[in-house]
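Everything below concerns the one structure shown next.
The values are calculated or read from the model by the stated rules, or taken from the named source; none is laboratory data. Remember, predicted model here, so these are calculated numbers, not experimental data. Heads up, the Cβs are rebuilt from the backbone with ideal geometry, glycines too, and the neighbour counts pull from every protein chain shown.
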Amino acid sequence: MANDDTTPAAGSPAASAGAPAATPPHTLPPTQTPAEALATAHQVEELADQLSACADSVHQRVMRDIRRHGDGDVPENEQAAARALLDAEIELRQRADRLYADAAACIVASLGQPQAHLLRLTLDAADKIRRITRIGDGISLVARLLGLATAVGTGQVVPILTAIGRLQAQLDVIAVDNAPPEPPASA
C-alpha cells in the first residue's frame with residue numbers, strides 16, 4: 001500500500017501547519033477543555049480539525065480507488081462516484097475552514113453532549129471512510145459530515161443535535177454493512 005494514506009491533502013490545515021498527517025484511528029487528541037461539546041472556540045476548532053481529517057480520508061480513499069486501476073481505464077460509474085466524493089471533500093474543507101474563521105460565533109452554551117463523544121464520532125467517520133466497501137456508504141457518510149459542519153456553523157442546539165444523531169445513525173448503518181459475516185451455526 002502506498003504511503004499516501006497518511007499524507008494530508010494540499011491546503012488542509014494539517015498540511016499547511018506542518019502538523020502530523022493524521023490522528024490514528026480511535027485516539028482522541030489531548031484536550032483540556034470542558035466536557036460540554038462546542039462550549040469554547042477551541043472546541044469548535046477541534047471539530048474543524050476532525051472534519052479536515054475526514055476530508056483527508058475522503059481524498060486518500062478516492063486516490064487509492066483510482067490507483068487500483070493502474071494504467072487501465074476507470075469505469076464511468078467509478079469516475080462519477082470519485083468526482084462526487086472529491087466535490088464533497090472540497091465542500092467539507094470549506095466548511096471546516098469557515099468553522100476555524102467563525103469559531104467564536106459557533107459556541108453553543110448547552111449542547112448536552114460531551115466533546116469527546118463528538119470527536120469520537122468524527123474519528124470513527126474518518127476511519128470508516130478509509131475502510132468502507134460500498135461507495136454509497138462513503139457518499140452518505142460525507143453528506144452527514146457536511147450536515148454536521150453546517151449545523152455547527154449555525155450555533156443552534158437543535159440542528160447540531162439532529163446532525164449528530166444522523167451521523168451516528170449513518171455510522172451504525174455502515175458498521176452493519178461492513179460487519180464480517182457470522183459463522184454458520186453448528187449442528
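Against the condition farther than 19 Å from S57 by Cβ, modelled with pLDDT of 90 or more, among the small types (G, A, S) and crowded, with 20+ Cβ neighbours inside 10 Å, how does A103 come out, does it pass? In short, yes.
Determine if the stretch 45-53 includes at least one residue that is out of contact with any helix residue (DSSP H, G or I) (no Cβ under 9 Å at 6 or more places or on another chain), at pLDDT 95 or above, of a type outside the set (V, I, T) and over 17 Å from A163 (Cβ atoms).
No, the stretch 45-53 contains no residue that is out of contact with any helix residue (DSSP H, G or I) (no Cβ under 9 Å at 6 or more places or on another chain), at pLDDT 95 or above, of a type outside the set (V, I, T) and over 17 Å from A163 (Cβ atoms).
Could you please find all residues in the stretch 151-166 being assigned to a helix (DSSP H, G or I) and either buried (at least 16 other Cβ atoms within 10 Å of the Cβ) or not β-branched (V, I, T) (or both)? Of everything in the stretch 151-166, those that are assigned to a helix (DSSP H, G or I) and either buried (at least 16 other Cβ atoms within 10 Å of the Cβ) or not β-branched (V, I, T) (or both) turn out to be A151, V152, G153, V157, P159, I160, L161, A163, I164, G165, R166. When G70, G112 are checked against the criterion of being of a type outside the set (V, I, T), closer than 23 Å to P159 by Cβ and at pLDDT below 90, G112 stands alone in meeting it.
Of the residues making up the stretch 167-178, those that are under 25 Å from D56 (Cβ atoms) and surrounded by fewer than 17 Cβ atoms within 10 Å (Cβ to Cβ) number 7.
Please find, within the stretch 55-82, the residue that is farthest from the chain's Cα centre (by Cα) out of those that are of a type in the set (S, T, N, Q) and surrounded by fewer than 16 Cβ atoms within 10 Å (Cβ to Cβ). Give the steps one after another, and end with the answer.
So in the stretch 55-82, the residues of a type in the set (S, T, N, Q) come out as 57, 60, 77, 79.
Restricting the remaining residues to those that are surrounded by fewer than 16 Cβ atoms within 10 Å (Cβ to Cβ) gives 77, 79.
Numbers: N77: 23, Q79: 21 Å.
My answer is N77.
For the stretch 156-178, the criterion of being farther than 22 Å from H117 by Cβ and either among the acidic types (D, E) or under 18 Å from the mean Cα position of the chain (by Cα) (or both) is met by at least one residue. Residues of the stretch 121-146 that are among the small types (G, A, S) and surrounded by fewer than 19 Cβ atoms within 10 Å (Cβ to Cβ): G136, S140, A143.
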